[in-house]
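Sharing a structure, written as structure tokens. Questions coming.
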Amino acid sequence: MQRYSLFSLARNALSDHQNWQQAWRSPPLRDTYDVLVIGAGGHGLATAYYLAKNHGITNVAVLEKGWLGGGNVARNTVTIRSNYLRDESIPFFVKSVSLFEGLTKELNYNLMYSRRSMVDVVQTWGRLRELKRRMLNMDIHGSTYEQLDVEELRRRIPALTGGGPESRLPILGGMVHPDAAVCRHDAVAWGYARGADARGVELHQKTEVKALLRNVDGSIAGVETNRGTVRAGKVAVAVSGHTTSLTETVGLRLPLKSFNLAAFVSEPVKPLIDVIVNCPDIGVYLSQSDKGELVIGGAPDPGQSFRRDIKQNVFENAVSAMLELFPAFRRLKLMRQWGGALEIAHDGSPIVSRTDIPGLFVSAGWWGGFKAIPAGGYTLAHLVANNQPHKLIEAFSLDRFRHLDFVLESGTTTAR
Amino acid sequence: MLHIPCPFCGPRDESEFAHGGPARQQRPDDLSPLDDAAWVDHLTVPPNPVGPVREKWWHVRGCGQWVTIERDTLTHDILEETGE
Ligand SMILES: Cc1cc2nc3c(=O)[nH]c(=O)nc-3n(C[C@H](O)[C@H](O)[C@H](O)COP(=O)(O)OP(=O)(O)OC[C@H]3O[C@@H](n4cnc5c(N)ncnc54)[C@H](O)[C@@H]3O)c2cc1C
Ligand SMILES: [Zn+2]
């Protein structure tokens with residue numbers, strides 16, 4: 001792998017940048033591998049990378065129906081945080097945030113990782129109780145939450161001029177999560193892809209898996225794709241939002257529902273907000289990108305959906321919620337909007353698990369799953385390599401549904 | 001915005017409704033003949049098709065009725081009004 005550095009930049013400048021190596025190869029598709037990973041999103045690529053790096057498993061192909069990093073990994077609002085509720089969840093997300101912090105160096109790829117607190121604007125007593133409950137548990141597991149009074153909240157976010165005592169929902173206070181960060185989403189996909197490729201993993205774009213295949217003994221045999229049959233003794237499904245369509249081809253029913261979540265950005269403006277602002281009681285959150293655009297997200301479209309656009313009334317609800325608290329944003333021009341199909345499990349926690357089909361693994365139920373990419377890939381690779389769950393994901397197996405032992409999580413969604 | 005057919009009020013804007021989730025099978029009156037797997041499936045596994053799904057909406061800012069419709073999860077087309 002050609003390393004990126006100031007030196008390589010200078011050297012390539014001398015040849016007009018004509019001699020940079022391709023970031024990854026495009027080899028021909030073979031008919032057998034040791035492991036197939038379905039989906040070249042953040043989770044699939046991270047899994048392939050850690051399979052090669054941590055477990056020395058390199059006879060691996062990642063199969064992607066579209067282009068690499070074109071799914072939700074390219075469509076999210078890049079909030080990285082660990083303010084979850086449950087003893088099972090917090091250590092997993094703390095691990096993910098800490099992996100993120102060292103990732104630019106490890107991957108030799110600039111993720112433009114930028115630590116900036118997340119501040120919750122609290123407007124109901126029920127919300128305050130719920131967040132304080134999270135704070136107590138986060139204290140135990142090494143994540144941080146602190147309470148802010150209204151004055152301190154407004155000092156940290158000068159643009160927050162709404163929500164006064166006369167308003168519909170006066171602001172009661174805030175919570176700050178100092179560990180939160182943002183980074184460049186594409187770079188996460190490309191960095192893991194390049195690192196996996198350099199260790200021998202093959203990345204196959206425009207390769208759609210149509211069905212999973214089983215052996216006569218019931219174990220996984222491989223997959224049927226638009227480019228033919230590919231065989232492997234182990235198959236990991238990481239197709240965010242589309243899991244049930246694939247697993248149902250082998251009769252595996254999973255407790256997942258798919259929904260559309262969307263976001264939009266404003267025109268770029270001067271530095272205005274240097275934290276991630278989350279307003280869970282009215283259902284909107286925002287941060288400012290390095291380019292100066294406000295990146296704004298709202299609540300999901302309530303009905304199940306596989307769409308990648310934004311519904312007009314969902315968009316209007318998010319805008320009107322934002323204007324209640326940030327009336328000055330009335331003058332901002334909005335530039336682009338988009339959405340993605342995400343899925344959420346019955347109890348709101350992720351699924352990283354073996355299945356009843358030997359050799360078939362699933363990583364699913366990633367609602368706010370961008371932050372989870374490093375730990376999700378790390379632990380799924382461990383599971384695929386050893387056929388035993390890493391301790392960080394023991395609680396996220398499918399067995400919890402079998403025993404009706406849910407890991408009910410309230411920290412999964414930011415807005416509402 | 002969806003236009004949801006209410007059997008009482010006719011087609012109304014989605015903003016008048018609250019979403020009630022996918023229509024589930026009736027909870028069996030007698031659970032004893034169910035094995036564990038069937039019971040877990042009933043409780044936790046919703047339909048999640050790319051295509052038509054039966055779902056409930058509550059006309060809460062209208063007449064107050066519950067409505068069941070069949071809506072396509074990819075196109076948002078409402079295919080059939082099944083009433084309630
Ligand atoms: C608007 C929005 C805002 C979000 N904001 C945040 C946030 O602030 N913080 C956060 O942590 N998370 C956020 N998320 C969630 C996050 O983006 C996802 O949870 C995460 O990206 C999912 O994992 P992934 O990257 O592996 O998914 P993806 O990038 O979607 O990867 C899955 C891949 O599988 C491919 N695929 C699907 N079916 C097949 C098939 N049959 N054969 C082959 N390939 C297939 C897809 O093309 C896709 O490339 C947001 C999501 C959206 C939509
Ligand atoms: Zn009505």
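With the condition kept exactly as written, say whether any residue in segment B:62-80 is more than 17 Å from the chain's Cα centre (by Cα), at pLDDT 95 or above and not polar (S, T, N, Q).
yes
Conditions (1) buried (at least 17 other Cβ atoms within 10 Å of the Cβ); (2) part of a strand (DSSP E or B); (3) more than 14 Å from chain B (Cβ to nearest Cβ), marked per residue:
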| site | (1), (2), (3) |
| --- | --- |
| A:LYS210 | no, yes, no |
| A:GLU224 | no, yes, yes |
| A:VAL239 | yes, no, no |
| A:LEU254 | yes, no, no |
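A follow-up question, please. Can you go through A:GLU394, A:GLU324 and tell me which one is in contact with a Cys (Cβ under 9 Å, 6 or more places away or on another chain) and surrounded by fewer than 19 Cβ atoms within 10 Å (Cβ to Cβ)?
A:GLU324
Same structure again: Against the definition (in a loop (DSSP other than H, G, I, E, B) and either closer than 22 Å to A:ARG154 by Cβ or within 14 Å of another protein chain (Cβ to nearest Cβ) (or both)), how does A:ASP290 come out, yes or no?
The answer is no for A:ASP290.
Which pairs have Cβ atoms under 7 Å, sit 6 or more apart or on different chains, and link a residue in segment B:61-76 that is within 16 Å of ligand 1 (Cβ to nearest atom) to one that is open to solvent by 50 Å² or more (accessible area, probe 1.4 Å) and in a loop (DSSP other than H, G, I, E, B)?
B:THR73/B:VAL50; B:LEU74/A:ARG307; B:LEU74/B:VAL50
Here is a yes/no grid of residues against (1) in contact with a His (Cβ under 9 Å, 6 or more places away or on another chain); (2) open to solvent by 40 Å² or more (accessible area, probe 1.4 Å); (3) among the basic types (Lys, Arg):
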position: A:ARG127; (1), (2), (3): no, yes, yes
position: A:LEU136; (1), (2), (3): no, yes, no
position: A:ILE140; (1), (2), (3): no, yes, no
position: A:THR144; (1), (2), (3): yes, yes, no
position: A:LEU148; (1), (2), (3): no, no, no
position: A:GLU151; (1), (2), (3): no, yes, no
position: A:ARG155; (1), (2), (3): no, yes, yes
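Restricting the search to segment B:32-64, which residues are under 15 Å from B:LEU2 (Cα atoms), within 13 Å of another protein chain (Cβ to nearest Cβ) and open to solvent by less than 30 Å² (accessible area, probe 1.4 Å)?
Hits for segment B:32-64 are B:VAL53, B:GLU55, B:TRP57.
Of the conditions (1) closer than 24 Å to A:ASP309 by Cα; (2) within 13 Å of chain A (Cβ to nearest Cβ), B:VAL67 clears all except one; give me its number.
So the condition that B:VAL67 fails would be (1).
Yes/no matrix, rows are residues, columns are (1) of a type in the set (A, V, I, L, M); (2) within 29 Å of A:SER266 (Cβ to Cβ); (3) buried (at least 20 other Cβ atoms within 10 Å of the Cβ):
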{"position": "A:ARG331", "(1), (2), (3)": "no, yes, no"}
{"position": "A:ALA385", "(1), (2), (3)": "yes, no, no"}
{"position": "A:HIS390", "(1), (2), (3)": "no, no, no"}
{"position": "A:SER410", "(1), (2), (3)": "no, no, no"}
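Restricting to segment B:5-23, name every residue that is away from ligand 2 (no atom under 16 Å from the Cβ) and surrounded by 14 or more Cβ atoms within 10 Å (Cβ to Cβ).
B:PRO22, B:ALA23
Can you pull out the residues in segment B:70-84 that are within 11 Å of chain A (Cβ to nearest Cβ) and either among the basic types (Lys, Arg) or more than 14 Å from B:PRO22 (Cβ to Cβ) (or both)?
Hits for segment B:70-84 are B:ARG71, B:LEU74, B:THR75, B:HIS76, B:ILE78.
While we're on this one: I need the full set of residues from segment A:23-61 which are open to solvent by less than 50 Å² (accessible area, probe 1.4 Å) and without any contact (Cβ under 8 Å) to a residue 12 or more places away in the chain, in order please.
none
Going through A:HIS346, A:HIS403 one at a time, which residue ends up being open to solvent by 10 Å² or more (accessible area, probe 1.4 Å), modelled with pLDDT under 95, out of contact with any strand residue (DSSP E or B) (no Cβ under 6 Å at 6 or more places or on another chain) and within 14 Å of chain B (Cβ to nearest Cβ)?
Only one candidate passes the filter, namely A:HIS403.
The values are calculated or read from the model by the stated rules, or taken from the named source; none is laboratory data. Computed from a prediction, not measured in an experiment: that's the story for all the values here. Reconstructed Cβ throughout: ideal geometry from the backbone, glycine too, with neighbour counts over all protein chains shown. In case anyone asks, the SASA skips ligands and DNA or RNA and just uses the protein heavy atoms, side chains included. Shrake-Rupley method; radii C 1.70, N 1.55, O 1.52, S 1.80 Å.
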